[in-house]
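> What follows is a single structure, and I will ask about it in a moment.
The values are calculated or read from the model by the stated rules, or taken from the named source; none is laboratory data. Note that the coordinates shown come from a computational prediction; the quantities given were computed from them, not determined experimentally. As a convention, Cβ positions derive from the backbone with ideal geometry for all residues, glycine included, and neighbour counts pool all protein chains shown. All accessible areas refer to the heavy atoms of the entire protein, side chains included, with ligands and DNA or RNA removed. Shrake-Rupley method; radii C 1.70, N 1.55, O 1.52, S 1.80 Å.
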Amino acid sequence: MEVVLYEPEIPPNTGNIARLCAVTGTTLHLIEPLGFKLEDRYLKRAGLDYWPHVSLHVWPDMAHFLADRQATRPGARLVITSSKKGGQPCHRFPFQRDDILIFGKETAGLPDEVRDLSSLHVRIPMLAGHGRCLNLSTSCGIVLYLALSASGMLDGEDWL
């Protein structure tokens, strides 16, 4: 399982997601441009002492990430996440161990050209009229843990 943040903008969100990836052994990819510097104190503070445990890769653009994926993980599925543009409810989606979960930037989500990279789209169900979206790090936590659970990756003696 891998997480991709497409052009993230808010350092604490990325720091919280890095912490999430550290405790789950999930590789984290950041697609530039970033709305912050990796040395940002808010980013580091959110991740605290988890940074040494994060498998982090930073890519200059989506094309470079996709080229690496094709060369090293050609069978990995791209799973597009969205709160507004539809998709299958994430609790009903058949996640697989090698899925790559792609999340959009906080203010604009994913552009159509990224959404069009895959026909696999998931969304987090929300009550109508109760809000327009969830925080990026909250969304990532929900989808990642559902994906890890559905694919059987939370089982085993390594998990507390």
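> How large is the accessible surface per residue of the range 27-160, computed with a 1.4 Å probe and reported in Å² as a whole number? Write out the running numbers ahead of the final one.
On the way: 7860 Å² over 134 residues.
For the range 27-160, the per-residue accessible area is 59 Å².
> What ranking of Glu39, Glu7 comes out by heavy-atom accessible area, probe 1.4 Å, highest first? Show your work: numbers first, answer last.
Values: Glu39 140, Glu7 30 Å².
Ranking Glu39, Glu7 by accessible area, largest first, yields Glu39, Glu7.
> Could you sort Asp68, Asp99, Asp116 by accessible area so the largest value comes first, with the probe set to 1.4 Å? Kindly include the intermediate steps, with their values, before the conclusion.
Values: Asp68 45, Asp99 0, Asp116 120 Å².
Sorted descending by solvent-accessible area, the residues read Asp116, Asp68, Asp99.
> Under the rule of -39500 (n - 2.57) per DSSP H run of 4 or more residues, summed and divided by the residues of the chain, what mean residue ellipticity at 222 nm is obtained, to the nearest 500 deg cm²/dmol?
On the way: 5 runs with 51 residues, N = 160.
Result for the chain, helices only: -9500 deg cm²/dmol.
> Rg to Rh ratio, the range 59-160, alpha-carbon atoms and Kirkwood radius? Write down the numbers at each step before the final one.
Working: Rg = 14.4 Å, Rh = 14.7 Å.
With Rh from the inverse mean 1/r over Cα pairs, Rg/Rh is 0.98.
> Enumerate by residue number the chymotrypsin sites (Phe, Trp or Tyr not before Pro) in the range 84-160 meeting two conditions: DSSP loop (anything except H, G, I, E, B), and at most 14 other Cβ atoms within 10 Å of the site's Cβ.
Trp159
> Another question, then. With Cβ to Cβ distances under 13 Å as the rule, what net charge do the other residues near Phe65 carry (K, R +1; D, E -1)? Show your work: numbers first, answer last.
Numbers: positive: Arg69, Arg73; negative: Glu2, Glu7, Glu32, Asp61, Asp68.
For residues surrounding Phe65, the net value is -3.
> Under a Cβ-Cβ cut-off of 14 Å, what is the net charge of the residues other than Val4 that fall near it, where Lys and Arg count +1 and Asp and Glu count -1? Let's see the in-between values first.
Details: positive: Arg69, Arg73, Arg77, Lys105, Arg115; negative: Glu2, Glu7, Glu32, Asp61, Asp68, Asp98, Asp99.
Neighbourhood net charge equals -2.
> What is the sum of charges, Lys and Arg at +1 and Asp and Glu at -1, for the other residues whose Cβ falls under 11 Å from the Cβ of Gly75? Numbers along the way, then the final one.
On the way: positive: Arg69, Arg73, Arg77, Arg97; negative: Asp98, Asp99.
Residues near Gly75 contribute +2 overall.
> If you roll a 1.4 angstrom probe over the protein chains with everything in place, what fraction of the accessible area of the range 1-144 belongs to carbon and sulfur, to the nearest %? If you can, show how the numbers build up before the last one.
On the way: 3830 of 7310 Å².
Exposed carbon and sulfur together represent 52 percent of the surface.
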